[in-house]
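Remarks on the structure that follows.
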Amino acid sequence: LALRDMFISDMNIQIEVCPMGHLEPAQSYDQICPFPLEYDADGPYAGTGPFDLPNFSFFVPEDLLNQAVQWWTQNKGPYSMLTHPNSGCQDWDHGTWPLRAGPEMTLNVPQGLACCHSGPSGCTCYVALFIPINYSDSGDTYCIYSDADSGAMSVIECDIEDSPATSLFTTTNYTSNFSQMESFLSYPREDRCVAPSTATCEEGAPLALMSCTEGDDAALNTTRLSYNVGLSMITIDACAGLCVAVDSTTNNLIVAACGSE
């Protein structure tokens, strides 16, 4: 970590943490920034993601890439260095296209990557926990939940600081008009996306974990979901005017008109 601090000082990095996620190309961002540390330096490390060893990383814009690579090449000492693009094609970005230096680094690819395996270019994703707006003032915290066995979707009380994987979802933005929400339990690549269980735009239909390829060859693909910041709701993009809501009687997630609770 001393080497990380030295790089931050020598490059005069003023940003404490990157404002974007690891898998976001961020083509318009023009500063070097550090990504959050994902391990406890004082404790044992259980390898997760694409790297099986403790590591830290930075976002580097294209015009500062040569300067940053030269610094690490000269100062890395006995450590491994990997410089990879962030094109949106994550399997190739991490497994085929990186620049490597130092001791060989074993990569857990593609199993350690959560999304955007084969692109397309510009593909991004993030892992999030969703709190229904009609529960936000209840005094307790409730989160959207997926049953790992049945695939049923509902709302349960949860702890934001220690949320179970069943309340985490990976939202992948393949293009500007095609997004999907996959259960984090599907990691890596078990093909379970949030969608109406009927695969139709039927109001009142329950939500469930369905095959992410359901309807790929049809005009209607009800696995297309995204979070709409303006509405503070998850929209079913294949169904105009329809969103994800909570049935107040059962606490299950259902298809409803956007704006309803």
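Since every read-out is calculated from the coordinates, none of them should be taken as a lab result. Every value quoted in this text rests on a predicted model; they were computed, and no experiment measured them. Here the Cβ is made from the backbone with ideal geometry for all residues, glycine too, and neighbour counts use every protein chain on show.
General remarks:
- Close amide H pairs (under 5 Å, H built 1.01 Å from N) link Met233 with Asn228, residues at least 5 positions away or on another chain.
- Cα→Cβ-extended label distance, 7 Å offset, between His117 and Asp10, nm: 3.8 nm
- In sequence order, segment 66-83 has phi-based couplings of 4, 5, 5, 5, 4, 4, 5, 4, 7, 10, 5, x, x, 8, 7, 10, 9, 10 Hz under the Karplus curve 6.51 cos²θ - 1.76 cosθ + 1.60, θ = phi - 60°, and Gly or Pro positions carry x.
- Per-residue packing, averaged as other Cβ atoms within 10 Å, sorts the ranges 238-248, 90-100, 11-21 into the order 238-248, 90-100, 11-21, beginning with the highest.
- Here the simple spin-label model places points 7 Å from the Cα toward Cβ, and for Val69 and Leu3 these points are separated by 1.8 nm.
- In this structure the amide hydrogen of Met210, modeled in the peptide plane, comes within under 5 Å of the amide hydrogens of Cys193, Val194, Ala195, none closer than 5 places in sequence on its chain.
- Computed lengthening from Ala101 to Phe35, 0.36 nm per intervening residue step minus Cα-Cα distance: 21.7 nm
- Modelled FRET efficiency - R0 35 Å, Ser176 with Thr200, Cβ distances, 0.05 increments: 0.90
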